[in-house]
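Take this structure, written in structure tokens, and hold onto it; I'll ask about it next.
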Amino acid sequence: MKRFLKGFAVLAAAATIMLGSSMDVAAAGVRDVFDAAYYADSYADLKTAFGYDETALYNHYITCGLKEGRCASPVLNVAQYRKNYEDLNQAFGDNWDAYVDHYMNFGIAEGRTSGVMSAADADRKAATDAAPGENPAASQTVQQPTDSQAPSDQVYNALIAQKELFPEGMSWTNDNFVTWQGGIYSGGTGCAAFAFALSDAAFGSAPARIHENYENIRVGDILRINNDTHSVIVLEVKESSVVVAEGNYNRSIHWGREIAKSKLPGEGNYITTRYPD
């Protein structure tokens, strides 16, 4: 509950700024988005060393964690926000508070999303059946490609292997949260959480990138569809359609739905891939 309220407070403050409220809002900083429980649950070494000692965890974060690229918030990955926006890096350097303040005052309005979880993700964040914040597929070994396997075959095999962990019809709603190693977002809930879990199982820690070239959809790509309201992950690419797996589809996991390629583009829709350029 404390984590929910903190995330809500941060997002509410941001909304106040965006709406042009006349309220006096003090400059935001790292402390405003820091979540000790989230930080501990996300990194086993820190949990072993510090437990849930908020002071010790915060001191580690500001002295070491930020420089190591660690994330300590379900709202904003400050290190990723800096890394992906060179103009901010040039302007702020190691002034980590400035990145948080920029996000609150300008980043949201400018549409800067790298390192940012959506408000809905932050508000609905909850533990899955795995440990808090843990991707239940992350501990599984990612199969390395052989000479006889194309990368898409390797990815497909890794995705299909997850059916044992995520069977057809398994309950999956916006209460399910999964952290993600792709780097654009810290994690997600519901349909995004399921896509992130499978994506990490196939690609490990490979970085993600976003594009809108619907002629270049590949197995393992995450498609944001239905006017930016639903996420699916691609299992198979056909000439005029794709076959997908998805979570929170009628509040459950579903494998094998076929979607016409003509229905994929739309307002707010995009493709997230972890294949290199």
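Which of the residues that make up the range 46-65 are under 24 Å from the mean Cα position of the chain (by Cα) and among the hydrophobic types (A, V, I, L, M, F, W, C)?
Leu46, Leu57, Ile62, Cys64
Among residues belonging to the range 37-52 that are surrounded by fewer than 19 Cβ atoms within 10 Å (Cβ to Cβ) and in contact (Cβ under 8 Å) with a residue 12 or more places away in the chain, point out the one that is nearest to Phe106 (Cα to Cα). Steps first, please.
Looking only at the range 37-52, we keep the residues that are surrounded by fewer than 19 Cβ atoms within 10 Å (Cβ to Cβ), and these are 37, 44-45, 47-49, 51-52.
Still in the running and in contact (Cβ under 8 Å) with a residue 12 or more places away in the chain: 37, 52.
Details: Ala37: 28, Tyr52: 32 Å.
Ranking the qualifying residues of the range 37-52, first place goes to Ala37.
While we're here: Just to verify a result, which residue in the range 77-125, among those that are surrounded by fewer than 16 Cβ atoms within 10 Å (Cβ to Cβ) and under 30 Å from Met170 (Cβ atoms), is modelled with the lowest pLDDT?
If we take residues in the range 77-125 being surrounded by fewer than 16 Cβ atoms within 10 Å (Cβ to Cβ) and under 30 Å from Met170 (Cβ atoms), then Ala120 is modelled with the lowest pLDDT.
Give the residue, chosen from Arg251, Arg224, Arg218, that is closer than 11 Å to Ala195 by Cβ and out of contact with any Cys (no Cβ under 9 Å at 6 or more places or on another chain).
Of Arg251, Arg224, Arg218, the one residue that is closer than 11 Å to Ala195 by Cβ and out of contact with any Cys (no Cβ under 9 Å at 6 or more places or on another chain) is Arg224.
Can you find a residue in the range 233-245 that is farther than 20 Å from His211 by Cβ, in contact (Cβ under 8 Å) with a residue 24 or more places away in the chain and buried (at least 18 other Cβ atoms within 10 Å of the Cβ)?
yes
Specify the residue that is nearest to Val178 (Cα to Cα); the eligible residues are those in the range 241-262 that are among the basic types (Lys, Arg) and modelled with pLDDT of 95 or more.
Arg257
The values are calculated or read from the model by the stated rules, or taken from the named source; none is laboratory data. Everything quoted here is computed from the prediction, not taken from an experiment. Note that each Cβ is placed from the backbone with ideal geometry, even for glycine, and that neighbours are counted across all protein chains shown.
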